[in-house]
Amino acid sequence: MPHERTPEDLVRAAHAMGVTDGRVLEAVRSIPRADFVPADEVASAYRDTPVPLPHGQVTTQPSLIAMMVSALGLTGDEQVLEVGTGYGWQTALLARLAAYVVSVERRPDLVDEARSRLARQGVGNAEVVLGDGTLGVPARAPYDAVIVCAAFPRVPEPLVDQLRIGGRLVQPIGHGGQEHVQLYERRARGLVHRRMVTAARFVRLYGAHGYDQH
């Protein structure tokens, strides 16, 4: 009889990738990914694999999400900016780990999906905004942490400007397809590179400070 996959499979996968932050692992355990994937992908929800979304988008692999979120070092009182919402599972993780999350998604139907799925889970400390993620959300700045879920060769300048001094930013740096996820810290003179989190493949970051959408 095949193994019935559960959230514990995702916890084990994250741990195997080096995630040791107990708060992150507990968030992975307690927030049901099955509620944040398309209906025809529910059977795959607890596999450590990306899941297709509309518009040729894909979710990020859960263990990779856990690594990126863990790199932010959230303690519970941060305001976080997320670029790229998808269906909102990572948003829900961030909301569990931080005080407030502002998530930017450029596709209206994904915004609607994420909002309704987060509401069904009772997530009240996250808002999903329709817009160009490379511009951030200046009205809610400054942020203590920024997480970008798509690839571009450099960090968009508005995201640097909206990050608090001492804040952290995680982004896959590359052209889309083979990236290095990098962790930065904001200093008075700009971003300082802290470390490479992992190598991974991501979709491209589109927007005014990313790739041209046309």
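The values are calculated or read from the model by the stated rules, or taken from the named source; none is laboratory data. These numbers come from a predicted model, not from an experiment. Using ideal geometry, Cβ is built from the backbone for each residue, glycine included, and neighbour counts are taken over all protein chains shown. We work out accessible area using only protein heavy atoms, side chains counted, and drop any ligands, DNA or RNA first. Shrake-Rupley method; radii C 1.70, N 1.55, O 1.52, S 1.80 Å.
A few notes on this one:
- Among residues of region 45-71 that are without any contact (Cβ under 8 Å) to a residue 12 or more places away in the chain, those with a Cβ under 6 angstrom from a residue that is outside any loop (DSSP other than H, G, I, E, B), sequence gap 6+ or separate chain, pair up as Pro50/Val58.
- Against the test of being in contact (Cβ under 8 Å) with a residue 12 or more places away in the chain and under 22 Å from Pro158 (Cα atoms), the options Arg107, Arg120, Arg96 yield a single qualifying residue, Arg107.
- Subset tally (residues that are surrounded by 18 or more Cβ atoms within 10 Å (Cβ to Cβ) and among the charged types (D, E, K, R)) for region 98-131: 5
- Residue check, Asp77 at pLDDT 90 or above, more than 19 Å from Gly133 (Cα to Cα), charged (D, E, K, R) and out of contact with any helix residue (DSSP H, G or I) (no Cβ under 6 Å at 6 or more places or on another chain): yes
- The listed residues are Gln213, Gln171, and the only one of them that is within 16 Å of the chain's Cα centre (by Cα) and at negative phi turns out to be Gln171.
- Some residue of region 159-169 being more than 29 Å from Arg29 (Cβ to Cβ), in contact with a Gly (Cβ under 9 Å, 6 or more places away or on another chain), part of a loop (DSSP other than H, G, I, E, B) and open to solvent by 10 Å² or more (accessible area, probe 1.4 Å): yes
- Listed by first and then second residue, the pairs with beta-carbon distance under 6 Å, at least 6 apart or on different chains, first residue in region 123-148 and under 11 Å from Val80 (Cβ atoms), second assigned to a loop (DSSP other than H, G, I, E, B) and of a type in the set (Asp, Glu), are Asp144/Glu78; Ala145/Glu78.
- The residue of region 185-214 that is farthest from Ala141 (Cα to Cα), among those that are hydroxyl-bearing (Ser, Thr, Tyr) and open to solvent by 30 Å² or more (accessible area, probe 1.4 Å), is Tyr211.
- In region 87-97, the condition of being open to solvent by 20 Å² or more (accessible area, probe 1.4 Å) and not in a loop (DSSP other than H, G, I, E, B) is met by at least one residue.
- Against the conditions (1) surrounded by 22 or more Cβ atoms within 10 Å (Cβ to Cβ); (2) out of contact with any strand residue (DSSP E or B) (no Cβ under 6 Å at 6 or more places or on another chain), Val146 satisfies every one except (2).
- Meets criteria (open to solvent by 10 Å² or more (accessible area, probe 1.4 Å), outside any loop (DSSP other than H, G, I, E, B) and of a type in the set (S, T, N, Q)) for Gln182: yes
- Among (1) more than 15 Å from the chain's Cα centre (by Cα); (2) at pLDDT 95 or above - the single one Ile147 does not satisfy: (1)
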